[in-house]
Structure formats: C-alpha cells, structure tokens
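What follows is a short report on a single structure.
The values are calculated or read from the model by the stated rules, or taken from the named source; none is laboratory data. The structure displayed is predicted, hence computed values, not measured ones. Ideal geometry is used to build each Cβ from the backbone, glycine not excepted, and the neighbour counts take in all protein chains shown.
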Amino acid sequence: MSTTDEIAAAAARLVVEEGMEYAAAKRKAARDFSSRAWRPDNEQLEAAVREHIAIFCADTQPAELRALREVAALWMERLAEFRPHLSGAVWRGTATRLSSVRLDLYCDDTKAAEIALINAGVDYDSGSVERPGQRRAGDEPLHVLTVSSPSRALGEAVSVHLLLHDTDDQRGALKPDAQGRSWRGDLAALRRLLCAGATP
C-alpha cells in the first residue's frame with residue numbers, strides 16, 4: 001500500500017467515525033503520517049470511505065443514510081423555489097449518522113433564501129465556506145445557512161447546510177465524476193434513490 005493509500009484509509013476513518021469533512025480529514029491524516037506525499041483526491045478518499053463502511057458499518061449505515069436522505073427531501077420540498085440540489089455524502093451514498101446534509105440552493109438573490117427561513121420562523125446560523133473546485137480571482141466564499149432538523153429515525157437532530165449559489169452556477173452543477181456519477185441531484189433524482197435504495 002502506498003503512502004497516499006494509507007493517508008486515504010486514515011482519512012476515511014476520520015470521515016466515517018468522527019464525521020469530519022473530506023478536506024479536514026485529508027489534512028489531519030497527512031499530518032499524522034508526517035508525510036509530504038501526494039494527498040488523495042476526493043474520489044480516492046470516497047473509495048476508501050466506501051471500503052471502511054463496508055467493513056465496519058455495513059449493518060447500520062444503510063438505515064442511517066436513508067434517514068438523512070429523508071431529511072434532505074423534506075428540506076428540498078420546503079425550499080423548492082430555490083432549485084435545491086443534494087450534494088456531499090448524503091447524495092453520494094457514503095453518509096452515516098455523523099454526516100450533515102448539504103443542499104446547494106440556486107438563487108437570483110441569495111438573500112431570498114434567508115428571508116424565506118425568517119418568514120417561516122426557522123432558526124438558523126449563518127457562515128461561509130470556500131467555493132469548491134476551480135475558483136476565479138475575486139470569487140467570494142459561499143454564504144451558508146445552517147438549520148437543525150430533527151430526525152425521528154435517528155433519534156437526534158441533523159445539521160442541514162444550505163449553500164447559497166448564484167443562479168448561473170447551476171449550469172455546471174451536474175457535471176459527473178470520472179466514473180460518470182453525478183456530484184449532486186435534484187429532488188426527483190433523490191426520490192428515485194429513496195425508492196430504489198441505491199447510490200447515484
């Protein structure tokens with residue numbers, strides 16, 4: 001096993017067992033190895049995460065994933081006017097109960113989603129994250145609204161992160177990965193997954 005593979009395996013454990021995001025898990029795993037080796041890309045890490053789940057969480061993860069997808073569907077229905085797309089581990093099928101739900105919203109006015117939450121009486125936290133992928137000079141971080149949503153199936157609240165994109169950003173939203181799998185999907189696609197119990 002190469003050092004990069006070892007870093008991927010260590011990072012996968014952090015993702016599954018501690019709920020860390022990919023970028024943070026890769027940084028921590030590389031530090032733990034005191035390595036200057038090439039860090040795994042997200043697809044390599046995702047493969048390691050799937051392997052870790054298959055070995056250690058195969059009996060519990062499917063039900064946890066379904067519960068998180070049901071939370072996602074609820075919020076996608078509530079926020080339908082903002083063209084929500086599910087992304088991250090809940091969409092890709094690698095989520096556990098420690099994972100959060102990530103919804104990409106595409107808005108003509110990003111303040112509109114915030115106003116919709118206020119009008120609905122929904123409490124939320126506001127923050128920002130770096131834009132994923134290739135960034136252009138002058139790009140500002142993405143504004144993120146985080147709500148807490150109870151899950152009866154999990155018996156606890158789930159964090160739902162609403163990433164606010166400009167409408168134009170939707171054009172590249174469904175670009176597939178190297179294996180032809182999508183990085184995100186709309187509500188209709190999520191409902192198909194829920195019916196099939198499948199991964200995208």
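Worth pointing out:
- Of all the listed residues (49, 71), the sole one being farther than 16 Å from residue 13 by Cβ, modelled with pLDDT of 95 or more and either in contact with a strand residue (DSSP E or B) (Cβ under 6 Å, 6 or more places away or on another chain) or not charged (D, E, K, R) (or both) is 71.
- Qualifying residue in region 106-122 (condition: surrounded by 13 or more Cβ atoms within 10 Å (Cβ to Cβ), under 22 Å from residue 179 (Cβ atoms), touching a residue at least 24 places away in the same chain (Cβ under 8 Å) and out of contact with any helix residue (DSSP H, G or I) (no Cβ under 9 Å at 6 or more places or on another chain)): no
- Every listed requirement among (1) outside the structural domain of residue 170 (by TED's automatic domain parsing); (2) touching a residue at least 24 places away in the same chain (Cβ under 8 Å) is met by residue 69 save one, (1).
- Region 51-152 holds strands (runs of 3 or more DSSP E) entirely within its bounds, and those carrying 2 or more residues that are within 27 Å of residue 168 (Cα to Cα) and over 14 Å from the mean Cα position of the chain (by Cα) map to 101-107, 125-129, 142-151.
So that you can scan it fast, the table gives a plain yes or no per residue for (1) surrounded by fewer than 21 Cβ atoms within 10 Å (Cβ to Cβ); (2) more than 18 Å from the chain's Cα centre (by Cα):
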residue: 11; (1), (2): no, no
residue: 22; (1), (2): yes, no
residue: 33; (1), (2): yes, yes
residue: 47; (1), (2): yes, no
